[in-house]
Structure formats: C-alpha cells, structure tokens
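Have a look at the structure below, then the notes.
We did not get these values from a lab; they are worked out from the coordinates using the rules stated. Fair warning: this is a prediction, and the values are worked out from it, not measured in the lab. So basically every Cβ, Gly included, is an ideal-geometry build from the backbone, and we count neighbours across all protein chains shown.
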Amino acid sequence: MRGRAPVCQPRPVRTAVAAIADVLRGDLVAVIEHGSRVTSGPRPTSDVDLLVVVSRPLAEVSRRALAARLLDLSGAPGSSSPPLDVAVVVRSRLWPWRFPPWCEFQFGEWLRDELVRGRMRPPAPDPDLTIGLVVARDRGRSLVGPAPDELLPPVPAGDVREAIAASVPTVLAEFAGDERNVVLTLARMVVTVETGAIVAKDEAADRVRSTVDGPTARALLWARDDYRGAHPPPVPAAELHRAAEALAGRLPR
C-alpha cells in the first residue's frame with residue numbers, strides 16, 4: 001500500500017476536496033491527487049489534478065452542482081488560485097480494466113466557457129484518461145478513501161500507447177491559444193512512447209531537446225521556461241507550430 005497523503009494540504013486542495021465531498025456525499029469512494037504537483041512539485045502554472053472515484057453513475061443534478069462548485073473554485077487565467085482539473089470515474093467501470101476508460105465527468109479550465117453556458121459533456125469513453133489513471137495509481141496520493149494502488153487497476157503498456165495515438169489529433173487541434181501546453185504535452189508523449197516513462201512536462205522538454213533540430217529545441221526551451229514562470233522572450237507561433245508537428249511525427253497515429 002502506498003500513496004497516502006500528508007495530513008496538511010494546501011488550502012486550494014482542501015477547499016476543492018471539501019466541495020467534491022459535499023456534492024457527492026455517500027457516492028464518493030476516493031479523491032486522488034496526481035499530476036506534476038505530486039510527482040515533481042508545483043510549478044507556477046500547475047493544475048491541481050484530482051481523480052475522483054464514485055460508487056455509481058452521477059445524476060444530472062449532481063453533475064451540474066459539481067460543475068458549479070468547481071467553476072467558483074478553479075483559478076481562471078489571471079487568477080491567484082490554481083486551476084482545477086477533475087475527472088470522475090465509476091469504480092465498477094474500472095474493474096475489470098477495459099480500454100478506453102469511461103469518464104463520468106470532466107472539469108478543466110479549457111471547458112469553462114462551455115460549462116458557464118450550461119453545456120455539460122455527457123459521460124463517455126475517454127482514451128486521454130488512461131495516462132491520468134496510470135499516474136494516479138503509480139504516483140498519486142489519496143486525499144479521501146483507499147490508497148491508489150488498492151483502488152485503481154494496472155494499465156497495460158499497449159493501452160498507454162493506444163491512448164497516446166488516439167489523443168494526438170485532439171492535442172494538435174488545441175494548438176491555437178494553448179501553444180505552450182501543446183508543445184509540452186507532445187514532448188511528454190514522445191518520452192512515454194520511446195521510454196515507457198511518464199514524466200512532468202518540463203522534464204519531458206529537457207529529455208527531448210537533445211534529440212531534435214535547433215528550431216524545435218528552441219521551442220521546447222521556451223515552452224519549458226514559460227511553464228516554470230520565467231517569462232522568456234516569445235517564439236513565433238509558426239515556429240511553435242512546426243515544433244508541434246515535428247514532435248507529433250514521432251508518435252503513433
């Protein structure tokens with residue numbers, strides 16, 4: 001057994017967990033924090049990544065109540081609060097393991113405009129959730145409920161590769177307006193496909209930089225430094241786009 005959280009958590013994490021527990025009540029099985037804040041320490045732009053496990057599918061009223069609470073708590077761009085990234089899964093849909101995993105509910109700042117307008121994405125299979133489940137099981141920490149390795153199933157390496165292949169077009173489609181994160185996400189995918197490791201975004205940029213041409217290396221350096229809050233000189237969007245395409249070319253499609 002591993003992955004128990006320290007007793008004291010930062011206030012934004014405690015507040016988010018309290019809101020989730022208040023909405024879900026007896027349906028809540030576990031809340032697991034994962035992502036870069038856990039695996040490599042918080043960065044200035046790090047999300048609070050939470051995987052929430054529930055005992056049964058959520059009623060529509062619960063989904064809307066949860067979205068409303070998270071919209072109030074999550075830090076939109078320019079806010080002093082960290083952004084929240086929350087995925088909800090139903091325990092019975094995790095065992096036995098099936099690919100792609102089923103996402104019951106998803107919240108993230110990229111969905112803010114939709115959620116503010118009352119548009120709720122329905123529960124659906126989500127290949128991209130695969131990586132989050134792997135990180136949560138192997139390196140996450142439980143804030144509520146059982147330890148991650150007691151609760152979450154192991155994911156075969158082949159399913160991780162398939163999840164990455166399925167996610168590449170979606171990641172590329174999000175390039176405009178989110179250039180830094182797209183470049184870093186693709187670099188992290190390259191590291192996972194070529195080494196089997198799942199690492200933080202800025203570490204992935206460092207690992208991949210020595211294996212690419214000069215313009216792509218400059219794009220990775222800019223993305224890494226901006227992610228770390230260093231405010232580096234800007235890189236033209238066209239150069240970042242070429243870097244994203246070069247990284248995507250190393251991934252299964």
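Any chance region 92-102 includes a residue that's under 11 Å from the mean Cα position of the chain (by Cα) and of a type in the set (Ser, Thr, Tyr)?
So far as region 92-102 goes, no, none of its residues is under 11 Å from the mean Cα position of the chain (by Cα) and of a type in the set (Ser, Thr, Tyr).
Starting from region 185-204, take each residue that is in contact (Cβ under 8 Å) with a residue 12 or more places away in the chain and of a type in the set (A, V, I, L, M, F, W, C) and list its partners that are surrounded by 21 or more Cβ atoms within 10 Å (Cβ to Cβ) and not in a helix (DSSP H, G or I), counting only C-beta distances under 6 angstrom and pairs at least six apart or across chains.
Close Cβ pairs (under 6 Å, with a partner that is surrounded by 21 or more Cβ atoms within 10 Å (Cβ to Cβ) and not in a helix (DSSP H, G or I)) do not exist here.
Given the criteria in a helix (DSSP H, G or I), surrounded by 18 or more Cβ atoms within 10 Å (Cβ to Cβ) and not aliphatic (A, V, I, L, M), does residue 170 qualify?
Judged against the criteria, residue 170 is not a match.
Which one of these does residue 128 not meet: (1) out of contact with any Lys or Arg (no Cβ under 7 Å at 6 or more places or on another chain); (2) over 23 Å from residue 50 (Cβ atoms)?
Only one criterion in (1) out of contact with any Lys or Arg (no Cβ under 7 Å at 6 or more places or on another chain); (2) over 23 Å from residue 50 (Cβ atoms) is unmet by residue 128, namely (2).
Within region 81-105, how many residues are of a type in the set (Lys, Arg), assigned to a helix (DSSP H, G or I) and free of Cβ contacts under 8 Å to residues at least 40 places away in the same chain?
1
From 143, 115, 129, 111, which residue is in contact (Cβ under 8 Å) with a residue 60 or more places away in the chain and of a type outside the set (Asp, Glu)?
When all the criteria are applied, what remains is 143.
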